Amino acid sequence: MLVAHLQQPASPAPQETPAEESALDAKDVLAAAERFPWAVAAPGVRHWPDGGDFLNVALSAVRSEEREGYIERLEVFVEQHRARLEEMLRTHGPGSRPASHGRYALIGQPETLVIVERMETNPFLLRGQWEKVLETVFLDDLEFVWGPRIRLSR
């Protein structure tokens, strides 16, 4: 049986989706996040005019099976958590007392909407990806302000 098995032709490799087809377009995701002006600070008062590194890390925590329709799910998430996001921006965003001490720099960035969505959806993957390339203090501060995960279903 072993000889017969070894004489069989090799199975073709499974077809993989090319990276370009399954990748999320960061510009499209950022444009979607910026459609919620009540959840982000005005461009002139944001800590980072370009938070691309943060967005790229957050998007790297979106699994391939979640990519299709991700922008629509992000928009639903932001609307579902509107009160919580508004409160976070008001209490810890640019111009707030905590922000004046140099903490909570991500709050008010449009990229933060993707980050908090990932914190709710897949926090361990987000943290693992984050730790590879960015200082964890920014994520730690955001996790503190966002608070514990809220489960909508039982």
Taking the C-alpha atoms of region 57-115, how large are the radius of gyration and the largest Cα-Cα span, Dmax, in Å? 13.4, 40
Give the share of C-alpha pairs in each 5 angstrom bin for region 44-154, from 0 to the last occupied bin, in whole percents, shortest bins first. 2, 12, 23, 25, 21, 12, 4, 1, 0
Please list 63-73, 110-120, 85-95, 23-33 highest first by mean number of surrounding beta-carbon atoms within 10 Å per residue. 110-120, 85-95, 23-33, 63-73
Using R₀ = 35 Å, calculate the FRET efficiency as 1/(1 + (r/R₀)^6) where r is the Cβ-Cβ separation of Ser100 and Gln80; round to 0.05. 0.70
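Where a number appears in this text, it was derived from the coordinates with a stated rule and is not lab data. It should be emphasised that the depicted structure is a prediction, and the values quoted were computed from it without experimental measurement. As a convention, Cβ positions derive from the backbone with ideal geometry for all residues, glycine included, and neighbour counts pool all protein chains shown.
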